[in-house]
1. How many angstrom separate the Cα center of region 674-714 from the Cα center of region 505-535?
2. Post the alpha-carbon centroid distance, region 463-503 to region 575-602, in whole angstrom.
3. Viscosity 0.692 mPa s, temperature 37 °C: Stokes-Einstein D of region 597-711 from its Kirkwood Cα radius, in µm² per second?
4. Return the label of the correct value of Rg/Rh (Cα atoms, Kirkwood Rh), as calculated from the structure shown, out of (i) 1.07; (ii) 0.99; (iii) 1.24.
5. By counting other Cβ atoms within 10 Å of each Cβ, how are 527, 588, 436 ranked from fewest to most?
6. Hey, what did the chain get for relative contact order, percent, Cα under 8 Å, at least 6 apart?
7. Label-point separation (nm) for residue 66 and residue 245, each offset 7 Å from Cα along Cα-to-Cβ?
8. Mind giving me the nanometre distance, one decimal, between the label points for residue 355 and residue 624, set 7 Å out from Cα along Cα→Cβ?
C-alpha cells in the first residue's frame, strides 16, 4: 500500500485577501446558494436542494439555474450575481469545465465560501492541478473561502443544514449530537454519518474537506476545539498539509478537555529508504505520527465505526477513570472468549472487592462471584430481576472502570437485556453491550433502542471500543513532560562545522561526543600494518572495522572482526578485508568492550513533524525483532525512561530471571542527549544512529561503539 498523495495545489501562506467569512459562519450560514439547482433527485443539484428543503434549513436558499424560474417552489436565479444578496455559502454541483468560471463569478458576486463537490482537480493529474491552481488564485484575490474541490459538503444537524448531495440524507431527520467529524474523504464522511445514525449516535457537525485547496482539516479542527457544542472530535485523514499545525491543535484539544480521535490511512512504510539506516526503516511516517499523537493525547482507531462509538462513550462518560474491565455474560463460553480478547488487547480484568463478591455470592452458584460473571450460573429460583441486580453490583465495584455485557440467548431475553441495559446506564461508567445471536436477539435489540442504549452485534467490536476508551484515559492521565536541556551541551551553532552528506564514522562519533555521549576508544589506520600498530597501543582484545562510505551495514558484508587478540591477527584480518571488499578508506581499530546488552538509539527528521528519537533492542537483530519506541525530540529524562520501559526487552534491562540489572540510567541519558542533538540540528538532520550502544551493569555506564548519520547542508 503506497502512502497517500496530497493534493498540494493550494493557497500560499499570507497570499490572500481578507477572508469574507470565518468557519463559524460557514457552518452556520444565514443564506446558501445552490449552483446547478434542480427539482430532480437524479442530479447532484436536485439532491442538495431536496435535502436543504426537506430538513428545514431556516435561512435563505437561492437556487441558481439559467433555465428555470423556480426550483422546488422557490424563486430561481439565472446567475449568482442575480441573487438578492451575496450568500454566505454557495455549493457548486456543475461540470468540471464550468467550475472555475462559476467560482470566479460567485467570488465576484460576493459569496463568502464556495463548497465544491465537482471532481477532476489536483487528484486527477497535471491538468487538474492547473484547474485547482486557478481556484486558489480566485480565493487569494477575492477572499472567498473554498472547501474542496472533490468534497461531499457539510452536514450540521442542529442548524438544519444538509449541504450535501448524499443519499444518506433521505431520512426523516438529521441526527444531532455532540461529536463532530472532519473528513478528508467525502464518501467516507457520509458513510460514517449514516452508520452512526443507525447506532443512534448524532453529530454536531460533519465536514468533508476534499483536496484542501484552501480550508483544510486543521481549520475545522481548531474551530471545533473552541465550539461549545462539540465535546469530542473525530478525524479521517490521508495526509496532513501542516504537521506542526496539527500537533498544536492536538495540544489545544487536550487542554480543552475534548477527546480527539484520528483515523489515518498510509500506515505502511512504503517509500522509506530503509537501506540507509535502521532508524529510517523503523521510524516510518506513520510510526512518527503515532508517537506525536501519543505525546498529545490523541487516540488512533483503526476503524471508523470504532472511532465514532468510542467518541460517543467518551462524551457520555467523561471520567477520569482508573481500573479494569468487568465482564458479564449469559454464557460461560461467551465470558471466557471475551476475557481472552480483553487480555490480548492489553487490558486488565478488574479484581472484585470482598464487598462486591459478598453481595453477588447469594445470587450465583459458587464460585461464580468472580470476574467474568456467568449469569447462567444462577441459584434457584430463577428470577428475571436478578440480571439487573447482578449488573448493578458488578459494575459498581471500585476497581471496575469499563464494563462489557455479552448477551447470549436466555429465557425472557428482551426483559433481561433491558434490565441489564438500564442497570448499566445507571452506573455512569462506559459499559458496552454486545449481542451474540442473530434474529433471535431482534426483540432485545428493540428493547435497547427504546431506552436509547447503544449496543454492538459483535463482541469483538465492543471490546475494541473499550480498548479505545481505555487508551484515551491512559493518554490523558499522562501529561506531556517538558524537556529540560541537559547541562554542558554545546551551543547549536557549533553544529555548523559539520558538512552535509553521509557522516563518516569518525565524524558521527565526534558529533556524539560533543553532546556528551560516551564513545569507545579507537584509532584510525590507513593500512593493515598501521591497524596492527594501533591495536598494540590500544590493548587487546580489539575490534577491527573496514572504513568505506560505500558500506552501510558493516556486519552484513563481513567488514567487522571481533575479539582480535594479537598484532598478527589484526594484520591478517585487515589484509583479508582489503582483498575481499575492494578499495577501502582505511580501518578503525576499537577497544573491545564487554556487553550485557546492545541497544540502538537513533534520530531522524520527519518532514511533517520534525525530529524524532528512537530507542530499542539493538545489534544485528534490530530490524528482525523491531522492539523499538520513539517520541518527538527533544525528550525529558522521564519520557526517555518511559520509552525504555515500554520495550518488550525492558525486563532484561532491569534484571529479569536472575540477570544483573543494567545501567538503564545511562541508556536514558544517551536518549536525552541524542534527542537534543537531533532537535538542535533541525532541518539539517536526515538521520543519525548509534548501533550498538553497549550497555553494562548498573552504575557502569553505556558506550557507543558504532555510529552513522546523514546531514543536509546548512
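Since every read-out is calculated from the coordinates, none of them should be taken as a lab result. These figures come from a predicted structure and were not determined experimentally. When we count neighbours, we look across all protein chains shown, and the Cβ atoms used for this are built from the backbone with ideal geometry, even at glycine.
1. Comparing the Cα centres of region 674-714 and region 505-535, I get a distance of 15 Å.
2. So the separation of the two Cα centres works out to 31 Å.
3. Estimated diffusion coefficient is 236 µm²/s.
4. Evaluating Rg/Rh (Cα atoms, Kirkwood Rh) on these atoms matches (i).
5. Least crowded to most crowded, the residues run 527, 436, 588.
6. 9 percent
7. Calculated label separation equals 3.5 nm.
8. 5.4 nm
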